[in-house]
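Encoded as structure tokens, the structure appears first; notes follow it.
The values are calculated or read from the model by the stated rules, or taken from the named source; none is laboratory data. What you are looking at is a predicted structure, and each value in this text was computed from that prediction instead of being measured. With ideal geometry, Cβ positions are generated from the backbone for all residues, glycine too; neighbour counts draw on all protein chains shown. We work out accessible area using only protein heavy atoms, side chains counted, and drop any ligands, DNA or RNA first. Shrake-Rupley method; radii C 1.70, N 1.55, O 1.52, S 1.80 Å.
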Amino acid sequence: MSSAGVMALGPMQEEFLPICFDGGRSPHCLSGSQLQDSILIFLAVPGAPPMPMSVLGTESIASVKLRIQRFRGFVVNKQRLVLDGHELARNNCHVKDYGLADGNVLHVVIRMADLRLINIETATGKKFQFQVDQSRNVKYLKSKLAVEGDEDLGEDHKLECDGKELEDHQLIANISKKDDAVIHLFIRKPAKLRTQQVDKDTVVTVVTPQEKENLQSEACAVNAAKSAGASPALVEPIIINPKVKLSPEVMRMIGSAIAGLENGHLPVMSAEGSGGVYFMQDALGEKNIAVFKPIDEEPMAENNPRGLPVSTDGEGMKRGTLVGEGAFREVAAYILDHPVGDHESEKRVGFSGVPPTALVQSLHRAKSFKIGSLQMFIENNGSCEDMGPRAFPVEEVHKIAVLDLRLANADRHAGNILVCKEEGGNYKLVPIDHGYCLPEKFEDCTFEWLYWPQAREPFSDETIAYIKSLDAEEDIKLLKFHGWELSARCARVLRISTMLLKKGAARGLTPYDIGRILCRETVNRDSEIENIVQEAEDHVLPGTSELIFLETVSDIIDRHLDKKFA
């Protein structure tokens, strides 16, 4: 059994019996035929010991997620499953397709709807921040403060919410039903504490500040630096090439993030994501203005706060990506999201609407810095995950599709497309989370929009004209100008995906037609584009130039499209 990031198992007690197919837990709940196909795995969930779970080899990933979601004590939804550092992303595939075997540890990256991020401030000015499962009770909260906050609560204290005293046995979830509830903790001796719900839908982590130095647990160091008379630049853009001029939108975003930190408004960890994702607040602390993702807290990185194991070979959760490069990819998606008709405009909205993004360093522990991507926060009405796709305009879906097809996005799901309702009731879609675009291979390309009805509609004339204007060679030069020289394999993927998009659009193909070529139907079956690339590699001689290889790919794509869409 793989043991990365997992506690040792003791004797199997009643609460740790395998989770069965009817939602119960018993070692005798499987039928004879199911036992033959049954696989005993272990769930590694933040905040709990590894738990055994029986699954069927022919069971779908979606089914496993549903049973975890319904399991008493988790109350989880929209979770992501990770095996040996790679996400089990294709919901319709069987468990056995991913090679899941007896004894495997399946990491569950979860978003829990009943968790709160609690800020605690003492009368002496000390500030603490805890992520607390609402299934915990008030006594647990006080013990957590005593241990991690090093506070002596004493015996003479009480806790109140809405004027009512709270008992130690009361659950956090039952304290108040209001989304914006404020919990007041009164400690007669020696201090008064106040806790406020910052985010009712926040991922819990069992990592303490002593174990993982994530940004959130150390953000209070900013105030310490200020009180000591230090004046560090709290957020600074990282500019490799002095000829690069950041857009006014990016500079305003950075300025607002600095103002928020200077006024003591700490970054707030998001409920979303598999890595460290932090909302930076404005000067008044009243709204979010940017999202910061440190590279050392990416999924599988050393300081990841979500409980994921560290990558053993440097590869990220998506095949063909490297841990620590997510921030560069986030910035690259913004840089390559060209506005219609003007690639050089300083103040512009890209064709696909990627929010302004920059590579920055942000103060950490008062003296050192964390490097990561900073992206403008977009006010929204939720994500596409929260509603059915039929309400979305065709053009809005197509602009996301164009971006994903040309960048070979390996992680486009409904949760990372924001929905903004405009005046008149129309919906605008905003793509975020591009840490897995521009991979070195096509293996994990996934587009959830592929099966939306809009994907089967033809591109508009405007979209076709935009696609025609795209130039992979210029894009590669542009990224190099900004300081990121793509690896040879990443550059090849960009060239081929752009080539396919342009050829498909010119033939009148829909996003669905082109996406089906880029994406695998099942985990173990190569996509059409992978077969095309393999055929080209088989045709050319060793040492053949990249130009000749790409010409070979181009010819094969032409033949493939002519045959398939004749």
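May I ask you to say which residue of Ala327, Ala358 is closer than 29 Å to Arg520 by Cα and open to solvent by less than 10 Å² (accessible area, probe 1.4 Å)? Spell out how you get there, then give the answer.
Details: Ala358 fails: closer than 29 Å to Arg520 by Cα.
Ala327 is the lone residue from the list that is closer than 29 Å to Arg520 by Cα and open to solvent by less than 10 Å² (accessible area, probe 1.4 Å).
Here's the yes/no breakdown for (1) buried (at least 20 other Cβ atoms within 10 Å of the Cβ); (2) out of contact with any helix residue (DSSP H, G or I) (no Cβ under 6 Å at 6 or more places or on another chain):
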site	(1), (2)
Glu262	no, yes
Met269	yes, no
Ser274	yes, yes
Glu286	no, yes
Ala301	yes, yes
Arg306	yes, yes
When restricted to Gly24, Gly73, Gly103, the only residue over 30 Å from Leu450 (Cα atoms), modelled with pLDDT under 75, open to solvent by less than 50 Å² (accessible area, probe 1.4 Å) and not assigned by the TED database to the domain that holds Arg520 is Gly24
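Being in a helix (DSSP H, G or I) and surrounded by fewer than 20 Cβ atoms within 10 Å (Cβ to Cβ) is the requirement here; does Glu423 meet it? Working first, answer last.
Working: in a helix (DSSP H, G or I): no; surrounded by fewer than 20 Cβ atoms within 10 Å (Cβ to Cβ): yes.
Considered against the rule, which asks whether it is in a helix (DSSP H, G or I) and surrounded by fewer than 20 Cβ atoms within 10 Å (Cβ to Cβ), Glu423 comes out as no.
Using the structure shown, decide if Val397 is of a type outside the set (Asp, Glu), in contact with a strand residue (DSSP E or B) (Cβ under 6 Å, 6 or more places away or on another chain) and either free of Cβ contacts under 8 Å to residues at least 24 places away in the same chain or open to solvent by less than 10 Å² (accessible area, probe 1.4 Å) (or both).
Values: of a type outside the set (Asp, Glu): yes; in contact with a strand residue (DSSP E or B) (Cβ under 6 Å, 6 or more places away or on another chain): no; either free of Cβ contacts under 8 Å to residues at least 24 places away in the same chain or open to solvent by less than 10 Å² (accessible area, probe 1.4 Å) (or both): yes.
No, not satisfied.
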Among residues belonging to region 512-546 that are out of contact with any Lys or Arg (no Cβ under 9 Å at 6 or more places or on another chain) and among the small types (Gly, Ala, Ser), point out the one that is modelled with the lowest pLDDT.
Gly543
Residues satisfying the stated conditions in region 293-307, i.e. more than 13 Å from the chain's Cα centre (by Cα) and farther than 20 Å from Asp84 by Cβ:
Asp296, Asn303
Matching residues, region 426-465, being assigned to a loop (DSSP other than H, G, I, E, B), at pLDDT 95 or above and farther than 19 Å from Ser274 by Cβ
Glu440, Lys441, Phe442, Trp452, Glu457, Pro458, Phe459, Ser460
